[in-house]
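Values in this text are rule-based calculations from the coordinates and carry no lab data. From a predicted model like this one, the values you see are computed outputs, not experimental measurements. Neighbour counts are summed over all protein chains in view; Cβ atoms, including those assigned to glycine, are modelled from backbone coordinates with ideal geometry.
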Amino acid sequence: MSGSSPVDAVGVVGAGVIGSSVAHAVARSGIPVVLHDISADALTRARRAIEDGERLARLRRGPADSAPVRFTEEPTDLKDCGLVVENVTEDIALKEAVHRSLDEVLAPDCVVAVNTSAVPITRLALVTNHPARLVGAHFMNPVALIDTVEVVRTDIVDQRALDQLEAVLRHMGKRSVVVRDEAGFVINRCLMMFVNEAAALSAAGVAGPAEVDRLFSGCLGHRSGPLRTADLIGVDTIVRTLDVLAEHHGPERFTPAPVLRQMLDAGHLGRKSGRGFYTYSVEGEQ
């Protein structure tokens, strides 16, 4: 972080795992945050997640002069934000509804960044009254500890929106890589195939989750293997992302492996549920 803040405040819509992580990272850079969700329970969980995330960030990166996070169920509290990051679940219809509602409360010059695993940004932009202000910002979790953001540029975006987003990212100490808008972008169009195949191999007994992940880390230098990554992202998000990719790029490569749907139905979602490809406790992975 360096220099004065490029915006007075950043709004974050959606207080789930990734939304809470975005809010924490922005606040840690010294920019005030307005974290909005329609669920009071989600906001309570987000408050705890940010406190936990700050303890981890202090251990790894030291203390920071964090700005405050305001937790609110009222969308009108976003009205004075210069940038709003939308983080709701990977449901296209829900995202479209959220962006229509943001049009009603945000100033016309407010930049809106869509944090999504796979949903095309152009599709969301075209349901709004200000399509040129929408840009993709694919953050990786935990946001405070990952230094690169996949920025997605549509053919209709205003350069000012891109510049504003990248100014905020630089202030947060992030690097950005700009890619063209297409479902899944770069990261998840590749990653989801790895996760899907790894899940199928594990379910077939070819190798256990730990063996799969050790091969990716030991042979390819990946910091986290595909199944450990799936647990961090959330199996529910993995399945929804694969469904979006299958819709846009065909089912041959992206239909979720049966084991992923079975895990989803059983509520074995990964870290956030305590069980996924691995099991977890308050003490850590088991």
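So how tilted is helix 235-249 from the main axis of the chain? Cα-based, degrees 0 to 90, rounded to 10.
Roughly 80 degrees between the two axes.
Show the residues, 5+ positions off or on another chain, whose built amide H is closer than 5 Å to the amide H of SER176.
Residues meeting the criterion, in which the H sits 1.01 Å from N, are VAL149.
Ranking request for peptides 67-74, 95-102, 28-35, 181-188: highest mean number of other beta-carbon atoms within 10 Å first, then the rest in descending order.
Going from most to least packed, we get 28-35, 181-188, 95-102, 67-74.
Using the beta-carbon distance between ASP65 and SER217 and R0 = 45 Å, what value does 1/(1 + (r/R0)^6) give for FRET efficiency, to the nearest 0.05?
Given R0 = 45 Å and the Cβ-Cβ separation, E is 0.85.
Across the stretch 68-76, in residue order, what do the Karplus-derived ³J(HN,Hα) couplings come to in whole Hz, using 6.51 cos²θ - 1.76 cosθ + 1.60 with θ = phi - 60° and x for Gly and Pro?
Here the 3J(HN,Hα) series is x, 10, 9, 9, 8, 8, 9, x, 5 Hz.
Report the charge-dipole magnitude of the stretch 30-152 in Debye, nearest 20, computed about the Cα centre from +1 at each Lys and Arg Cβ and -1 at each Asp and Glu Cβ.
340
Grab the Cα-Cα distance for SER101 and LEU145, subtract it from 0.36 nm times how many residues apart they are, and report the gain in nm with one decimal.
Length gained between SER101 and LEU145: 12.7 nm.
When the helix-only estimate is applied to the chain (DSSP H runs of n ≥ 4, each -39,500 (n - 2.57), divided by the residue count), what is the mean residue ellipticity at 222 nm, nearest 500 deg cm²/dmol?
Taking each H run of at least 4 residues, the total per residue is -14000 deg cm²/dmol.
Neighbouring Cβ atoms within 10 Å as the yardstick, rank ASP109, ASP155 fewest first.
Arranged by neighbour count, lowest to highest, ASP109, ASP155 become ASP155, ASP109.
Taking Rh as the Kirkwood radius, which is the inverse of the mean 1/r over Cα pairs, what is the Rg/Rh value for the chain?
Across the chain, the Cα-based Rg/Rh ratio is 0.96.
For labels at THR255 and ALA93 in the simple 7 Å Cα→Cβ model, what's the distance in nm?
2.3
Normalising by the residue count of the chain, find the relative contact order in percent from Cα pairs under 8 Å and 6+ residues apart.
Computed value for the chain: 15 percent relative contact order.
I want to verify a result. In a Gaussian network model of the chain, Cα cutoff 10 Å, which of these has the top mean-square fluctuation: VAL206, VAL244, VAL105?
For the chain, modelled as a Gaussian network with Cα springs under 10 Å, the answer is VAL206.
On a full-extension model of 0.36 nm per residue, what is the gain between GLU247 and ILE156, subtracting their alpha-carbon distance, rounded to one decimal in nm?
Extending this stretch completely gives an extra 30.5 nm.
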